[in-house]
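What follows is a short report on a single structure.
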Amino acid sequence: MAILVTGGAGYIGSHTCVELLNAGYEVVVVDNLCNSSEEALRRVKEITGKNIKFYKTDLLWERELREIFQTEKIDAVIHFAGLKAVGESVQKPLEYYHNNITGTLVLLGVMREFGVKNIVFSSSATVYGKPETVPIKEDFPLSTTNPYGSTKLMLENILRDLHHADSSWNIILLRYFNPIGAHKSGLIGEDPQGIPNNLVPYITQTAVGKHEAVGVFGNDYDTPDGSGVRDYIHVADLADGHVKAVEKLAQQPGLCTYNLGTGTGYSVFDMIKAFSRVCGKDIPYVLKPRRPGDIAVCYADVTLAREELGWSAKRGLDEMCEDAWRWQQNNPNGYK
Ligand code: NAD
Ligand code: WQD
């Protein structure tokens, strides 16, 4: 079976390619490399000893996408490709809506044309907006606070409408919590461009001396230590979740939605402590004001994925930190 992985050169996509290849799937990647490097795919081949077909193509280029579907025999699509920086999406809403929404519409149109009606979509816990309680279940109300999040919610709605109109589509919406960590080999990992927006890359870059200190965005939240609490999940566990989702597609499930998290929340201070322990040195931090749009606590109820996908996260916090640290040390400048 051949799986088309859009955005397969990116952070989560490259780890998912490894797990798909290890599980015996053929993998075809489409990526325009706007936020990634072909080197990631070379390293996926090195890790697995298997080949990947790569098309450097933009999802917005319908003709090229059609040619790929003509050439390859695609059974299912895992759709990662998209722009993902929350702050940037507030500055550049049109670019985000165009790339994420139009790109997906083009993809879905070509899939329909070629009779490929199986898709796993990368959604996000961001679609829960400001949840009233935790743990968060899949049937909680949905809302968003920024254009990036709105693209995810709109795309979920588009996919729900598509399934409503034509129930022969099989669609799995995966809502990721906070993916961190890297492949055990230290060969692939997260490679943010410029100054990282997310906590963990900022911590690891501080540990290697690229920044003076980690800014802790608020210590006055209603949480045990006052800092924000999140459900950090090892990217390799997330990748395994996609293999389970592809297996599920083969059972023709219709439309399903699953949280992919661990079900456990850790605070910013927990994360700084855990990384300090793993790196063997104190990671300096400074207190900063709250970041606009942040919520106090966010972690998943993961019952549904366990029951229906037979999936649960296996790797704990120390392993996430050790693997992120190995990647950072071996690749201080990412793939460059
Ligand atoms: P990433 O930026 O590393 O990967 C996305 C990939 O898509 C990149 O390789 C980029 O070059 C490619 N891409 C973007 N627009 C494209 C287009 N028009 N045509 C072709 N390729 C295009 O991001 P990631 O962290 O691996 O995230 C993957 C998916 O998961 C995204 O949809 C993201 O929104 C979603 N997600 C990520 C997180 C997270 O914290 N990393 C959390 C929830 C959801
Ligand atoms: C985690 C915690 C911050 C940086 C984001 C997106 C979300 C999803 C995952 C795509 C929070 C605090 C952070 C720093 C800090 N992405 N923090 N200092 O905001 O939970 O989720 O990535 O779908 O949509 O919003 O992740 O890593 O930015 O923040 O104190 O330098 O760390 O306030 O409590 P977030 P994050």
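The values are calculated or read from the model by the stated rules, or taken from the named source; none is laboratory data. Not measured: the values here are computed from a predicted model. Cβ sites come from the backbone with ideal geometry, for glycine too, and all protein chains shown count toward neighbours.
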Tally up the residues in segment 11-33 that are farther than 24 Å from residue 73 by Cβ and within 16 Å of ligand 2 (Cβ to nearest atom), please. 3
Which ones in segment 26-50 are within 20 Å of the chain's Cα centre (by Cα) and assigned to a loop (DSSP other than H, G, I, E, B)? 32, 33, 34, 35, 36, 37
Could you check residue 82 against (1) within 18 Å of the chain's Cα centre (by Cα); (2) over 27 Å from residue 165 (Cα atoms); (3) surrounded by 18 or more Cβ atoms within 10 Å (Cβ to Cβ) and say which number it fails? (2)
When you go through (1) within 13 Å of ligand 1 (Cβ to nearest atom); (2) under 24 Å from residue 163 (Cβ atoms) one by one for residue 57, which number turns out not to apply? (2)
Complete set of residues in segment 256-309 that are within 16 Å of ligand 2 (Cβ to nearest atom) and acidic (Asp, Glu): 270, 294
Look through segment 8-44, keep the residues that are among the small types (Gly, Ala, Ser), within 11 Å of ligand 1 (Cβ to nearest atom) and under 14 Å from residue 242 (Cα atoms), and return whichever of them is surrounded by the most Cβ atoms within 10 Å (Cβ to Cβ). 14
Give me the pairs: first residue in segment 112-137 and under 16 Å from residue 159 (Cα atoms), second residue more than 11 Å from ligand 1 (Cβ to nearest atom) and hydroxyl-bearing (Ser, Thr, Tyr), beta-carbon distance under 9 Å, and six or more apart or on different chains, which are they? 117/168; 123/257; 127/143; 127/144
Restricting segment 154-210 to residues that are of a type in the set (Gly, Ala, Ser) and closer than 19 Å to residue 85 by Cβ, which is modelled with the lowest pLDDT? 194
Check on residue 305, under 26 Å from residue 146 (Cβ atoms) and in contact with a Leu (Cβ under 7 Å, 6 or more places away or on another chain): yes
I'm checking my understanding of the structure. Among residues of segment 179-200 that are on the phi < 0 side of the Ramachandran plot and free of Cβ contacts under 8 Å to residues at least 60 places away in the same chain, which one is surrounded by the fewest Cβ atoms within 10 Å (Cβ to Cβ)? 195
So the check is Cβ under 7 Å with 6+ separation or different chains; which pairs have a first residue in segment 1-26 that's more than 15 Å from residue 123 (Cα to Cα) and a second one that's among the basic types (Lys, Arg)? 2/73; 21/50
List the strands (runs of 3 or more DSSP E) inside segment 85-204, counting only whole elements, that have at least 1 residues being charged (D, E, K, R), more than 26 Å from residue 273 (Cα to Cα) and away from ligand 2 (no atom under 15 Å from the Cβ). none
Which ranges mark the strands (runs of 3 or more DSSP E) fully within segment 232-333 that have 3 or more residues being surrounded by fewer than 23 Cβ atoms within 10 Å (Cβ to Cβ)? 255-260, 285-288
Six or more apart or on different chains, Cβ atoms under 8 Å: show the pairs whose first residue is in segment 32-44 and closer than 14 Å to residue 334 by Cα and of a type in the set (D, E, K, R) and whose second is near ligand 1 (Cβ under 10 Å from one of its atoms) and part of a loop (DSSP other than H, G, I, E, B). 38/9
